[in-house]
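Here is the structure we will look at, set down as structure tokens.
What follows is calculated from the coordinates using simple rules that are stated; it is not laboratory data. This one's a predicted model, so the numbers in the text were calculated from it and none came from an experiment. Neighbour counts run over all protein chains shown; Cβ positions are idealised from the backbone, glycine included.
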Amino acid sequence: MRRMMKVFLLSALCCSLLLAAGCGSKRTAAVPRPEGKLAVAGFSNPIYNWQLLAGYLEEEGHPVPDGTLEALDSILTDTLRRHQVFDYITPDAVKQCQEVVVFEQSGLPKLSAWKYWLGVAKCIQADLLLVPQVTHWSERVGSTSGVEAPASVAIDFFLIDVKNERMTRARYEETQESLMENLLTAKKFASRGGQWVTATRLASDGIDEKLTELGL
């Protein structure tokens, strides 16, 4: 009887949160929008620690599945558009400067990730460079209604201030949890229709959240 009551209460909570999630809310940036010319790099996938701008990998040498970076780039572009960020140097233009920096450094000692990206930012002549990196990607094993293993992602956003040679980091990590595992995530679970979602959906939520955190 007590177990049935607990399930009933959880179901009622989920339903109420689903209704609340459907109402939506107006986006409010966490900080003012950064001033200056913005450049946005495409997603990269560091598989060795020397490629990271910050932090470390629990295990090196494991790239994300093929097509993941292209999908994340598309989500990033769409999210910037929804956030009304239009005037920026595109990832395609930034990629040209990435190739220039690599060419200029050929035959020289390996650059640190910081020196590399700072060089890219100076090449593109931007005031700010947004560098997104995905460091962990584990796809859902199962379906929307039940899983053997939930989706899990980790994404970093680095906003480089070129003039002052400093950066701001915004990190998103999530392994989806059920209502039974953590009631604190009930609202998020409900906003996803009370379903188990893919790694791409987790990443999409993370991109939206962290761009807002950075004022973008």
Practice prompt. At q = 0.09, 0.11, 0.14, 0.23 Å⁻¹, work out log10 I(q)/I(0) for the stretch 92-216 with the Debye formula, treating every Cα as an identical point scatterer and leaving solvent out; two decimals please.
Written response: -0.37, -0.52, -0.72, -1.28
Practice prompt. Find the centroid of the Cα atoms in the stretch 136-177 and in the stretch 42-60, then give the distance between the two in whole Å.
Written response: 13
Worksheet item: At a Förster radius of 30 Å, what calculated FRET efficiency corresponds to the Cβ-Cβ distance of residue 145 and residue 173, to the nearest 0.05?
Response: 0.75
Discussion item. Students often check this: by mean Cβ neighbours within 10 Å, which of 113-124, 164-175 ranks highest, and how do the rest follow?
Written reply: 113-124, 164-175
Fill in: Across 115/188; 37/187; 110/163; 95/210; 37/188; 37/115, pairs whose alpha-carbon gap is larger than 31 Å
115/188; 37/187; 37/188
Worksheet item: Taking Cα centroids, how far is the stretch 68-120 from the stretch 186-216 in Å?
Response: 23
Practice prompt. Please get the size of the charge dipole for the stretch 45-99, origin at its Cα centre, with Cβ charges of +1 on Lys and Arg and -1 on Asp and Glu, quoted in debye to the nearest 20.
Written response: 260
Worksheet item: Taking the Cα centre of the stretch 57-205 as the origin and placing charges on Cβ (Lys, Arg +1; Asp, Glu -1), which of 93, 135, 195 is farthest toward the positive end of the dipole?
Response: 93
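Rounded, prolate or oblate: pick one for the stretch 21-158, where a ≥ b ≥ c are the square roots of the eigenvalues of its C-alpha gyration tensor, a/c under 1.5 means rounded, and failing that, prolate if a/b is larger than b/c, else oblate.
oblate
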